[in-house]
Amino acid sequence: MKKYILRRVILMIPLVFGVTTATFALIHLIPGDPVELMMSNARQLTQEEIHRIREKLGLNDPLPVQYVRYLTNLLKGDMGISVRSRSDVSYEITQRLPDTIILTVTSICLVLVLALPIGILSALKRGTWIDTAAMTFALFGVSIPAFWFGIMLMLIFGLYLDWLPTVGQGKTPIEFARSLILPSVTLSLVLLGLVTRVARSSMLEVLSLDYVRTARAKGLGAKWVNFRHALPNALIPILTIVSGQFAALLGGAVVIEKVFGWPGIGRLAVDAIFARDYLVVTNTVLVFALMVIVVNLATDILYTYIDPRIRFQ
Amino acid sequence: MAENIVELAPDVELTEVIRPKSFSVIAAQQFIRNGRALLGIAVLLVLVLAAVFADQIAPYDPYKTNYTNVKQPPSAEHVIGTDELGRDSFSRLIYGARVSLMIGVVVSAFSTTIGVALGVVAGFFGGKVDMVIMRLVDIIMSFPLLVLAIALVAVFGPSLNNLMAALGFVYWVVFTRLVRGMVLSLRETEYIVGARAIGATDFAIIFNHILPNVFPVVVVLASFSVAEAILAAAALSYLGLGAQPPTAEWGSMLSNAKELMRILPVMSIAPGVAIMITVLAINFIGDALRDALDPTLRH
């Protein structure tokens, strides 16, 4: 098993390499002179000054040299300096990363708490009104724009009922939890419909397998068969889909952080776009991709623990 | 077999009984029998007509500002009120259908074409071409697609065209991955090995045997991708990275409405409902297409 994990980690390296190459390319695709973009707020610079800054930043070096320097700087945790705040980009990102993680993890928990029971119940009651209701719920889940759902929650629970704060993040633990409710519920909508559908179909599939029929045939109770025999195997495809859709969840987080003024890296990136703070934008995008890669790797390793068939391959 | 059929139905012509219905006929019948699909088509038809004939249908010019009539609540003249510049929100909503449907169709067409072409090439020819294409797919898929689209729009500048290009650029990977997998297994089937044996060219095999086989699945995925593109485009426009003012677009209307949430909640509600109805209609059609075209689900 250690060998399997090691192989997965090694396979990850070219991907990380590719992703950093992509963000490097992204930086160089930006039209216009980087020095002028960086100094956009300052006074007009003379040609000589521009040349000196270019030389200092190494922008006159050939691209391969710049690329190697970009990678070594990244390894040292140096992502450059933000035009807007004049502080290290890596500092800005690490400051705000926990907020994005808290938001996404809370949303995943909400998705599991809601989608699993609904999907499984729908499979067990196949063809009844419960099934129809659950699938209609799932259909709306995939068809409602999540950010608009957030605006509606804001309107109802923030403005009309005045139960919850609509914008920003609370300082005290209780305030913090209260301010987390609306954004995380909104974000959970991104995966809710899909996971409900997958939970249902995966449970239906397992229920049709021979070993489940055998368990029933030898007289085990319905509850025991459904939850002890069928459910554990039905959970594996659900894990696959949640991990596979983690990227989509992060994408949703960017928009939803902006809607609710949640101070994560998604909002950091969007605000940076309008400030033309390109280093913040590209590095945040890189951090998002690295998060996706790590989560997928973690899921693969998790599989070896929960599914012995992989362990013995 | 033939004997049995004659016995069971002696007065029916033999040829009529044993002629099987073609795949497309069964699929079409299934599709038409699906009530949701028809509802989806009807709704979508209304939206398309509204988009095409927006000039005739819209009660007002969506760009005509009227400073004596701003931020009006819904009334007989203005069904869902007017915005902060006195423009009629309902007219803007109708024109918004144009933008959203166009984005959905263009992005889907673009990503389907590129994605299927590269998927077929990767799966059929294999080797280095396959490696290069699939590594590119892996890299793009490591990014949250919406984030990558946002970054591309940020780099090239926010505009409707850049939005469509960015979304098209990130969505093709979904098609490529799926089509490549299908082509890999198709390549080993006996009829394609047979076609090769009788000297069919690669070109002929791809067009006569590969494409018709991947077509049903691609159609289903393409229909869902229209819905996804509309949702993504609305989100990006909401962030200010898509349609630019004064373009009447549902996502940017929602971002306009935010400041007026307290006094004019209808402006925050209506465009979202419009997006939801459009996406629901397309998803109805997509679900029905999947049920009709996917033989593994046909029971």
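Read-outs: derived from the displayed coordinates by stated rules, not from any lab. Owing to the predicted nature of the structure, the values given are computational and were not obtained by experimental measurement. So basically every Cβ, Gly included, is an ideal-geometry build from the backbone, and we count neighbours across all protein chains shown.
List of remarks:
- Bins of 20 Å, starting at 0 and running to the largest distance - Cα pair percent for the protein assembly as shown: 16, 48, 29, 5, 0
- Comparing B:Ile114, B:Ile275, B:Ile198 in a Gaussian network model of chain B, where Cα atoms under 10 Å apart are tied by springs, the biggest mean-square fluctuation is seen for B:Ile198.
- A Förster radius of 45 Å, combined with the Cβ-Cβ distance separating A:Leu71 from A:Phe227, puts the computed FRET efficiency at roughly 0.35.
- Sorting A:17-29, A:217-229 by their mean Cβ neighbour count within 10 Å, with the most densely packed peptide first, gives A:17-29, A:217-229.
- Loop-resident sites, the stretch B:17-111, for trypsin sites (Lys or Arg not before Pro), counting at most 13 other Cβ within 10 Å (DSSP): B:Lys21, B:Lys64
- Computed from the Cβ-Cβ distance with R0 of 22 Å, the FRET efficiency linking B:Ser159 to B:Asp61 stands at 0.45.
- Dimensions of the stretch A:167-313 along the principal axes, based on C-alpha atoms and rounded to the nearest Å, stand at 67, 37, 25, largest first.
- Chain A: most fluctuating residue of A:Ser188, A:Ser82, A:Ser107 per GNM, C-alpha cutoff 10 Å: A:Ser82
- Label-to-label distance, nm, for residues given as A:Ile13 and A:Tyr91 (7 Å Cα→Cβ offset): 3.3 nm
- Screening chain B for DSSP H helices whose Cα atoms reach 24 Å or more along their own axis and whose mean Kyte hydropathy is at least 0.5 gives B:35-52, B:89-125, B:160-187, B:211-238, B:265-293.
- Anisotropy class of the stretch B:86-150 from Cα gyration tensor, a/c 1.5 cut: oblate
- Structure-based [θ]222 nm, chain B - -39500 (n - 2.57) summed over DSSP H runs of at least 4, per residue, nearest 500: -23500 deg cm²/dmol
- Relative contact order of chain A, defined on C-alpha pairs under 8 angstrom at six or more residues apart (%): 24 percent
- Value of [θ]222 nm, deg cm²/dmol, for chain A, DSSP H segments ≥ 4, -39500 (n - 2.57) each, nearest 500: -24500 deg cm²/dmol
- Under the shape rule built on the C-alpha gyration tensor, where the axes satisfy a ≥ b ≥ c, the stretch A:156-204 is prolate, since a/c reaches at least 1.5 and a/b is greater than b/c.
- Cross-link partners for A:Lys218 among the lysines, with Cα-Cα distance under 25 Å and sequence neighbours closer than 8 places in the same chain left out: A:Lys125.
- Near A:Arg86, once Lys and Arg are set to +1 and Asp and Glu to -1 for all other residues with Cβ below 13 Å from its Cβ, the sum equals -2.
- Coarse-grained scattering of the stretch B:122-256 at q = 0.18 Å⁻¹, given as base-10 log I(q)/I(0) from a Debye sum over alpha-carbon atoms: -0.98
- Over the stretch A:220-304, the fraction of Cα-Cα pairs per 5 Å bin, rounded to whole percents and listed from the shortest bin up, is 3, 13, 17, 16, 13, 11, 9, 7, 5, 4, 2, 1, 0.
- Net charge contributed by nearby residues that have their C-beta within less than 13 Å of B:Ala234 (K/R +1, D/E -1): -2
- Mean Kyte hydropathy of -1.0 or more with a Cα span along the axis of at least 30 Å, helices from DSSP in chain A: A:2-29, A:89-124, A:173-207, A:278-306
- Qualifying lysines (Cα of each under 30 Å from Cα of B:Lys128; at least 8 residues distant if same chain): A:Lys3
- Near the amide H of B:Gly86, within less than 5 Å, lie the amide hydrogens of B:Asn66, B:Lys71, all on another chain or at least 5 residues away, with H placed in the peptide plane.
- 30 Å Cα-Cα reach of A:Lys171 towards lysines, excluding residues that sit fewer than 8 places from it in its own chain: A:Lys258, B:Lys258
- Gyration tensor verdict on chain B (Cα atoms; rounded if a/c is under 1.5, prolate if a/b is larger than b/c, oblate otherwise): oblate
- Peptide B:261-269 - average C-beta neighbours from other chains (10 Å radius): 3
- Size descriptor, Kirkwood hydrodynamic radius, that averages inverse alpha-carbon separations across chain A, Å: 22.6 Å
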